[in-house]
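To start, the structure itself, in structure tokens.
The values are calculated or read from the model by the stated rules, or taken from the named source; none is laboratory data. For clarity, every value in this text was computed on a predicted model and none was experimentally measured. Virtual Cβ from ideal backbone geometry, glycine too; neighbours counted across all protein chains shown. For the accessible areas, the whole protein counts, side chains as well, though only heavy atoms, and no ligand, DNA or RNA atoms are used. Shrake-Rupley method; radii C 1.70, N 1.55, O 1.52, S 1.80 Å.
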6 protein chains.
Amino acid sequence: MRILVVNPNRIAACTRLIRDTAQAAAAPGTEITAVHPDDGPVELSGDREVLLSAMGVLAQVDRHAERADAVIMAGFGEPGREAVRASTRAPVFDITECAPAVALTLGRDYAVVTSTPAAVPVVEDRLRALGLGARCTGTHATGLGVPDMVAHPAAALETVIATAASAEGEVVVLGCGGMAGMAAEVARATGRPVVEGVAAAVTLAQATAAVVPVR
Amino acid sequence: MRILVVNPNRIAACTRLIRDTAQAAAAPGTEITAVHPDDGPVELSGDREVLLSAMGVLAQVDRHAERADAVIMAGFGEPGREAVRASTRAPVFDITECAPAVALTLGRDYAVVTSTPAAVPVVEDRLRALGLGARCTGTHATGLGVPDMVAHPAAALETVIATAASAEGEVVVLGCGGMAGMAAEVARATGRPVVEGVAAAVTLAQATAAVVPVR
Amino acid sequence: MRILVVNPNRIAACTRLIRDTAQAAAAPGTEITAVHPDDGPVELSGDREVLLSAMGVLAQVDRHAERADAVIMAGFGEPGREAVRASTRAPVFDITECAPAVALTLGRDYAVVTSTPAAVPVVEDRLRALGLGARCTGTHATGLGVPDMVAHPAAALETVIATAASAEGEVVVLGCGGMAGMAAEVARATGRPVVEGVAAAVTLAQATAAVVPVR
Amino acid sequence: MRILVVNPNRIAACTRLIRDTAQAAAAPGTEITAVHPDDGPVELSGDREVLLSAMGVLAQVDRHAERADAVIMAGFGEPGREAVRASTRAPVFDITECAPAVALTLGRDYAVVTSTPAAVPVVEDRLRALGLGARCTGTHATGLGVPDMVAHPAAALETVIATAASAEGEVVVLGCGGMAGMAAEVARATGRPVVEGVAAAVTLAQATAAVVPVR
Amino acid sequence: MRILVVNPNRIAACTRLIRDTAQAAAAPGTEITAVHPDDGPVELSGDREVLLSAMGVLAQVDRHAERADAVIMAGFGEPGREAVRASTRAPVFDITECAPAVALTLGRDYAVVTSTPAAVPVVEDRLRALGLGARCTGTHATGLGVPDMVAHPAAALETVIATAASAEGEVVVLGCGGMAGMAAEVARATGRPVVEGVAAAVTLAQATAAVVPVR
Amino acid sequence: MRILVVNPNRIAACTRLIRDTAQAAAAPGTEITAVHPDDGPVELSGDREVLLSAMGVLAQVDRHAERADAVIMAGFGEPGREAVRASTRAPVFDITECAPAVALTLGRDYAVVTSTPAAVPVVEDRLRALGLGARCTGTHATGLGVPDMVAHPAAALETVIATAASAEGEVVVLGCGGMAGMAAEVARATGRPVVEGVAAAVTLAQATAAVVPVR
């Protein structure tokens, strides 16, 4: 199976992290292609950057999706899911939707840990629009942007753990592509199931390919 | 991986169907054990039977879950998820939750096809209680109970297809254990993605085991 | 009129308390039968116990309801209302529903005081599922289980009063069978109307028998 | 116990009907005083009349409530509950709230039968504002105003039965003071529990006086 | 254009303030008539006064609306909008609705600043009933009634600013007729867009007259 | 005042229509600049085109907004409001929000008339996300895309009138930029207030500039 993962920011270290996390979550023999936009904002620091990045994501899908069996949108709270779906025959998995969907099957309620305070209303609006917010106890910012996280991963992990530990909810959702790869350590530290979006999307993509007949 | 699947009704042909569907959805080497209650109602024809069956399900979990890596509750709309969770260390997947969760990642909205008219309010109450109803376009009864379905599978399939075809929604959820195994044909006939609960739960159970660190 | 009251826990002192509260709330000449399950959990300490107790309640209804004119389910947040209804011709009153229904007629909003923190999500889920949560300001745990309450009633009353006093809401709902009999003192201490479930259910059962024609 | 019942319209036959229904629902020895405004609109044919009648109701409460142990507002969908509460020390029962509250304890969902099409949005807005609409399946107009109903009771009853029979919902709520006294016949004809507001309010008033300690 | 503005309280200084605010917000040549009830409560200190004032408002509309091209109801949270609409051919603008409607177009969410704590539930109930509460972050009382505000405007302004500054939300709504005229200073002090109801209603009334064809 | 109006499609006749409608709604002396994207989809026929057009809109805002006092986004259901806001100091008015906001002040509920069936879920999702859907009775497609509407305006008007006439709701919202200019005739034909988005946005922009102090 070939999975295209599109990171909406243009931070190469983040794209690599996402690719490694996707590969680790995938079945043996899965071919993961992880890309990011060629142009547009490097970091998704606000509403304008988020929308511009959706264009870059769409361009990557146009270029790479033809030979993909599934497309993963690796931005938490990212717009454009419907447009990406309309642009490829491959099924499209948005981590904003996959992580809460998995979390719902694992406990009574879930908390989202995200990056900067500016991301909080974006994420909350998106979860509400997707009809997935009813059992979300809250969205909590670590205060760290993706560049910080990839530059200082150990300190970032500590902050993510502290934020998760102080949030109420039986399940923790890591709501930022830059947190790919942190799930095991956050779970160990908090004693709660932790759902990270890229891994959730990969496994849903593979599961769905196996069991959901489409046409 | 060892998965325990518990069918809440006591119709052996249905349990076999569920087992075969679970096995087909599972990764190679997965050991599926499908059981049903030893006593209690044969068919879940009403609210009393549904509750009594939850007891039988709990007894099966008590007996078999110790060596399972995951437990699947194979009744759509079945109560008792929280009690089953409190009774085993294995993660528990309820098809009532898994099928909509997967459906949400596949399209704008989904329709549920279920068995008898009596099941409709049970399913709708449960989806609303689970916070998964916001993008459900409706729950539609075929009018066929599980005994009818297992006795006359070809006619049942035709009725399920007709019911699915007339329901609005980008995705179809087969909301009855007795429809296990029908997904491919319903998808072909309706041209829509079709999510069947047992297969969805198996794949979520396996995906989760792989990627969601728990404690 | 003959009313069957079923206490879901097996603490005899609690059953007696519930019976006395029911009798005090009933019209003269009412015959109250208060029972609890013969087996199953003594105390409803978690989700598993709550479900198992529902079976015991159903067995008591099967044995005693034939000669009852109304059945009262005396567990706050208890499942099984639909199953009990399907098992008897007598009308069934669940205190989880009766107390908020009465509270809604008495003020702008109401607060629920319940026993242990574990009961809080159970009660909140149930109120939301019943569509009665819109004017509930919150559910607050005293931290005391039923055994504590019946063993040390004076201390328990003090704790219930303190919890009620610190909760916002024009009306107080005592959301635990073990608080039967405390309404008058909580009302006096807090200066607010206090609705206790068993008394509310008895009066609704009698009122309904008088004025709601059924068939 | 002395209960003041205030009919918001000025149709004397309707006030008598309401008084008789209240008396029939009350415990022996209850003293029912039924009044209507001295001036203001005779019939509540629209939004202006509904508000003006609330003034007349308030004036009646000012004049008569001092010696009442409870006040019943007998207009379905009538505004002013909060103002009436602020004007008397007696507890106030609004049939718009009492009838649905009782209906919720009697079945999965309820339908409202009301008078004219103009009343439908008034009733629906009010039920939603009161947080009691979640399990209401719909509000259905008979097309008959109160004058028609009191002038031609037999024909009115037939129309109410036909409207109730065609409405979905396990319980029927008669949502118009002019339907006081029709509950038994509608129940017999439709085979469903029927809750009429004045009777529901009387019984809640008496029940509450008995069991809800206030201050 | 002739606009009738009805202040529900009978504090002449408040009516003058409202008139001046309306005039300042209006297009040149607009004729503003600002009135208040002839009798009824001077100050809207509770639920009874609020309802009584609605009668006085209706009487003013009856007397003055015939030659008005638009009617503005200048009480925030005031009932009676439907009755006023049914009493005049002129379009009716309620500041409770106009201010949030404008605020919604100016930011992600808005906070309401109102007068006394007693007004908070009145305002919140009304916003919810109007379906305008989804993006409201909260209603906050300054603790000052209208008489205080008109007697000590400088101190009142300071308190309003402090209350607005501590409230979350991208936009501030001044939810009390007594705050007419404070918008500019609150905006300057808080750095946020501030919507005051009377000005919002005047501009909507004029805008609507220009562009919404009615019949 | 200088207002920049951005039409998201690239149909010049539609842009002219929007400009004329904006000019007619504006105060004398207002300078209206109406533009559309330089590249991207001509017609917004699906989810991909809608997102691509948002990029083109953003580019126009970047180029033209500096000298604008307000920006109007003239696509009904169009994404990107937050991004546009983050890209200009001028206040931004989205017709998707302005038209319902005005409609809410004019009646109990409103119906939306839109272009093609594909637009219906886009519009409904957007209204729900904006928290403006509570009083919307439904979204109804005429079946005509913008090219059809501008090519055959008389036939289009007839279809819009027929669609509006058959929709329930006290107020009609014309939910498509291609319907700019039709409000008067639809109002005359249906006897209901009709709110067209571009005119509503222009008047809100001017009203807000006059009365909402921003910083």
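Tell me the mean residue ellipticity at 222 nm calculated for chain A from its helices only (DSSP H runs of n ≥ 4, each -39500 (n - 2.57), averaged over every residue, nearest 500). Intermediate values should be presented prior to the final figure.
Details: 9 runs with 101 residues, N = 215.
The helix-only estimate for chain A comes to -14500 deg cm²/dmol at 222 nm.
How many nm is it between the label spots at C:A184 and D:T137, if each spot is 7 Å from the Cα in line with the beta carbon?
With each label placed 7 Å out from Cα toward Cβ, I get 4.3 nm.
If you draw the axis that swings chain C onto chain A, which residue of C has its Cβ closest to it, and how far is that in whole Å?
C:A134, 8
What percent do you get for the relative contact order of segment D:15-136 when only Cα pairs under 8 Å and 6+ apart count?
Values: 123 pairs, mean separation 22.1, N = 122.
This gives 18 percent for segment D:15-136.
First measure r as the distance between the Cβ atoms of F:D39 and A:T159, then evaluate 1/(1 + (r/R0)^6) with R0 = 56 Å and state the FRET efficiency to the nearest 0.05. Please report the intermediate quantities before stating the final value.
Numbers: r = 43 Å, r/R0 = 0.76.
So the FRET efficiency works out to roughly 0.85.
Take A:A12 and D:A151, extend 7 Å from each Cα along the Cα→Cβ direction, and tell me the distance between the two endpoints in nm.
8.8
Determine ³J(HN,Hα), in whole Hz, for all residues of segment B:47-60 in sequence, where each value follows from phi through the Karplus function 6.51 cos²θ - 1.76 cosθ + 1.60 and θ = phi - 60°; x replaces Gly and Pro.
Working through the residues one at a time gives 4, 5, 4, 4, 5, 4, 5, 4, 5, x, 5, 4, 5, 5 Hz.
Over what distance in Å are the Cα centres of segment A:145-214 and segment B:100-173 separated?
32
Give me the accessible area of C:E185, 1.4 Å probe, in Å² rounded to the nearest 10.
Answer for C:E185: close to 80 Å² accessible.
Just going by the charge dipole of chain F, with Lys and Arg at +1 and Asp and Glu at -1 on Cβ, which of F:A189, F:L44, F:M73 is farthest out on the positive end?
Farthest along the dipole direction, towards plus: F:M73.
For C:G191, place a label point 7 Å from Cα along the Cα-to-Cβ direction in every copy; what are the distances to the other copies, in nm, shortest first?
So the label point of C:G191 gives 4.2, 4.2, 5.4, 5.5, 6.9 nm to the other copies.
Taking a label point 7 Å from Cα toward Cβ, how far is B:R89 from its twins in the other copies, in nm, shortest first?
Between copies, matching label points for B:R89 lie 4.8, 5.2, 6.4, 6.4, 8.1 nm apart.
Chains F and A: buried accessible surface, both sides, probe 1.4 Å, rounded to 100 Å²?
On the way: alone 9740 and 9730 Å², together 18080 Å².
Rounded to the nearest hundred, the buried surface is 1400 Å².
For A:P28, which inter-copy label distances result when the label point lies 7 Å beyond Cα on the Cα-to-Cβ vector, reported in nm to one decimal and in ascending order?
Inter-copy label distances (nm, one decimal, shortest first): 0.9, 8.3, 8.4, 8.4, 8.6.
Is the shape of the protein assembly as shown rounded, prolate or oblate, going by the alpha carbon gyration tensor and its root eigenvalues a ≥ b ≥ c, with a/c under 1.5 for rounded and a/b larger than b/c for prolate?
The shape class here is oblate.
Along segment D:182-193, what does the Karplus equation 6.51 cos²θ - 1.76 cosθ + 1.60 (θ = phi - 60°) give for ³J(HN,Hα), rounded to whole Hz, x for Gly and Pro?
In residue order, the calculated couplings are 8, 4, 4, 6, 5, 4, 4, 6, 9, x, 10, x Hz.
Could you let me know the centre-to-centre spacing of segment D:19-52 and segment B:1-63, using Cα atoms, in angstrom?
Cα centres, segment D:19-52 to segment B:1-63: 58 Å.
What net charge is computed for the residues neighbouring C:R10, neighbours being all others with C-beta under 9 Å from the C-beta of C:R10, Lys and Arg scored +1, Asp and Glu -1? Before the final figure, lay out the partial values.
Values: positive: none; negative: C:D38, C:D39, C:E43.
Result for the neighbourhood of C:R10: -3.
Could you derive backbone 3J(HN,Hα) for segment A:85-97 from the dihedral phi with the Karplus parameters 6.51, -1.76 and 1.60 (θ = phi - 60°), listing whole Hz in sequence and x where the residue is Gly or Pro?
Taking θ as phi minus 60°, the curve returns 4, 6, 10, 8, 7, 6, x, 10, 10, 9, 4, 4, 9 Hz for segment A:85-97.
Before anything else, pin down the relative contact order of chain A: Cα pairs under 8 Å, at least 6 apart, normalised by residue count, whole percent. Before the final figure, lay out each step's value.
Working: 444 pairs, mean separation 49.2, N = 215.
Once divided by the residue count of chain A, the mean separation gives 23 percent.
Net charge near F:P37, counting Lys/Arg +1 and Asp/Glu -1 over other residues with Cβ under 13 Å of its Cβ? Present the calculation step by step, with values, prior to reporting the outcome.
Numbers: positive: F:R10, F:R63; negative: F:D38, F:D39, F:E43, F:E49, F:D62, F:E78.
Local net charge: -4.
For a paramagnetic label modelled at 7 Å from the Cα of B:R67 toward its Cβ, which residues of segment B:8-37 fall within the zone defined by backbone nitrogen distances under 16 Å?
B:30-35
State to the nearest 20 debye the size of the charge dipole of the protein assembly as shown about its Cα centre, where the only charges are +1 on K and R beta carbons and -1 on D and E beta carbons. Don't jump to the answer; show the numbers that get you there.
On the way: 102 positive and 138 negative charges, 0 e Å.
Approximately 0 debye in magnitude.
Enumerate the amide H contacts of E:G75 below 5 Å, restricted to partners 5 or more residues apart or on another chain; note that Pro and chain-start residues carry no placed amide H.
Those lying under 5 Å, H to H, from E:G75 are E:I95.
In terms of modelled amide H atoms, which long-range or inter-chain residues lie less than 5 Å from the amide H of B:E196?
Counting only residues 5 or more places away or on other chains, the set is B:L174.
Can you give the net charge of the other residues whose Cβ lies under 10 Å from the Cβ of E:T137, counting K and R as +1 and D and E as -1?
Numbers: positive: E:R108, E:R135; negative: E:D109, E:E168, E:E170.
In short, -1.
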